[in-house]
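Below is one structure, written out as structure tokens; comments come after it.
The values are calculated or read from the model by the stated rules, or taken from the named source; none is laboratory data. Please read these numbers as outputs of a predicted model, since none were measured by experiment. Every residue, glycine among them, receives a Cβ derived from its backbone with ideal geometry; neighbour counts consider all protein chains shown. Side chains are part of the model used for accessible areas, which takes the heavy atoms of the whole protein and leaves out ligands, DNA and RNA. Shrake-Rupley method; radii C 1.70, N 1.55, O 1.52, S 1.80 Å.
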Amino acid sequence: MEKKRPVVAVGLSGGVDSSVAAHLLMQQGYDVIAIFMINWHDTVGLLEGDCPAHDDRLIAELVARKLDIPFHVRDFSEDYSHRVVDYMFNEYEKGRTPNPDVLCNREIKFDPFIKAAEELGADYFATGHYCRKETIKLEDGTSIHRLLAGTDPNKDQSYFLCQLSQEQLSKVLFPVGHLLKPEVRRIATELNLPTAERKDSQGICFVGKVSLPEFLQQKLKSKEGDIIEIPKDYAYPLVKTPDPESPDFDDELRRFARPFSYRPWNGKTIGKHPGAHYYTIGQRKGLNVGGKPEPLFVLATDVERNFIYTGQGHDHPGLNRSALFIARSELHWIRVDQEAGLNEVRRYQVRIRYRQSLQEATFYFREKGLYVLFDVPQRGITSGQFAAWYDEDELVGSGVISS
């Protein structure tokens with residue numbers, strides 16, 4: 001009796017990566033089916049000429065026909081609206097900056113999507129992410145799934161998967177994670193796939209490229225406030241790195257991890273904005289204030305008083321901080337077998353945004369949460385974003401930045 005081949009459901013997005021992923025799985029002997037996700041219907045805020053869901057579905061179906069694999073469509077827009085977009089609005093309203101792509105992977109692609117794949121008889125689920133998975137056995141026989149960076153340093157997407165669980169990783173395959181992007185393009189061209197020359201998607205996951213203020217205005221009302229410029233010679237406190245040998249080290253560490261605090265009288269009013277909740281630390285575009293010798297950047301936002309604090313130049317000291325804090329409730333370990341204990345001190349490499357190079361840091365695990373002290377000050381540390389930490393090329397854990 002012929003042995004049944006394992007079935008893999010590929011999240012066919014209409015991009016070149018998932019298209020080549022499907023082809024590679026077929027070569028490896030899997031029975032492959034394609035699922036296209038509909039997660040968003042509203043076009044409010046989309047930039048002119050950008051209708052990703054409609055175009056992506058057409059291209060994805062053409063790819064499935066070319067590869068001769070079954071094509072299914074599933075609508076997760078209700079889940080996406082509640083679990084990703086509502087969270088996004090709530091975070092911006094609080095003056096925090098969420099990462100919808102990380103949430104989309106945790107809440108949609110690796111949850112209801114996997115359930116839909118299983119309903120279609122799939123044994124595994126595959127994506128076109130540039131990352132790798134390795135399964136190892138611990139001494140007690142437990143299987144642990146390691147999430148590894150993609151081979152292509154310019155396309156590594158492990159950061160977007162930093163909130164996945166061991167259960168989710170157990171069912172997923174990453175067929176293109178060992179390839180460089182040009183190799184993926186070459187394979188697609190040789191197969192004459194419709195996605196071979198298609199540009200990579202941009203913007204919010206499954207929504208598209210948007211005007212963020214216009215998108216946020218769907219639920220967050222405009223509220224005019226002052227733009228205040230903070231001079232470079234503002235007296236920033238805590239310029240000296242906390243000394244671990246000091247008896248007051250924990251108090252110093254807590255102060256060091258707090259965001260810089262400003263008041264209107266620390267600077268001067270230079271313009272108006274439509275709402276502090278539309279802006280994020282490090283942002284340059286959208287301030288609409290001219291006549292400055294150097295570009296303006298957002299240093300801080302105060303959503304309660306509706307102020308935006310800005311500073312001139314890439315070298316403004318208000319753009320850089322050396323520490324951050326993650327509340328204990330927001331800590332997430334992919335390597336659950338390596339979870340740190342109270343008062344442990346560890347060294348990891350960290351990134352606080354996609355495409356950022358890994359940064360060396362010391363981790364201090366305390367009762368209330370985790371303090372990350374960087375070797376070199378970091379630009380634009382923003383509450384609401386995810387910090388992900390690595391041990392060489394393995395993503396070990398992550399957390400939402402509290403401050």
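When you look at residue 297, is it of a type in the set (Phe, Trp, Tyr), in contact with a strand residue (DSSP E or B) (Cβ under 8 Å, 6 or more places away or on another chain), assigned to a strand (DSSP E or B) and closer than 29 Å to residue 168 by Cα, yes or no? Judged against the criteria, residue 297 is not a match.
Restricting the range 189-243 to residues that are part of a helix (DSSP H, G or I) and at pLDDT 70 or above, the residue that is farthest from the chain's Cα centre (by Cα) is 190. Meeting the requirement of 1 or more residues that are under 28 Å from residue 154 (Cβ atoms) and small (Gly, Ala, Ser), the strands (runs of 3 or more DSSP E) wholly within the range 303-377 are 320-327, 359-365. Scanning the range 253-273 for residues that are open to solvent by 50 Å² or more (accessible area, probe 1.4 Å) and in contact (Cβ under 8 Å) with a residue 12 or more places away in the chain returns 254, 255, 258, 259, 260, 261, 268, 269, 272. Of the residues 351, 305, 321, only one is crowded, with 20+ Cβ neighbours inside 10 Å, closer than 24 Å to residue 96 by Cβ and touching a Pro at 6+ places or on another chain (Cβ under 9 Å); which? Only one candidate passes the filter, namely 321. With respect to residue 45, determine if the residue is farther than 26 Å from residue 187 by Cβ, modelled with pLDDT under 95 and loosely packed, with under 14 Cβ neighbours inside 10 Å. Here the answer is no, as residue 45 does not meet what is asked.
Against the condition at pLDDT 90 or above, open to solvent by 50 Å² or more (accessible area, probe 1.4 Å) and under 23 Å from the mean Cα position of the chain (by Cα), how does residue 284 come out, does it pass?
yes
Answer with yes or no whether residue 299 is hydrophobic (A, V, I, L, M, F, W, C), in contact with a Gly (Cβ under 7 Å, 6 or more places away or on another chain) and surrounded by fewer than 19 Cβ atoms within 10 Å (Cβ to Cβ). It is false that residue 299 is hydrophobic (A, V, I, L, M, F, W, C), in contact with a Gly (Cβ under 7 Å, 6 or more places away or on another chain) and surrounded by fewer than 19 Cβ atoms within 10 Å (Cβ to Cβ).
Among the residues making up the range 352-396, those that are closer than 24 Å to residue 314 by Cα and touching a helix residue (DSSP H, G or I) at 6+ places or on another chain (Cβ under 6 Å) are 354, 379, 384, 386.
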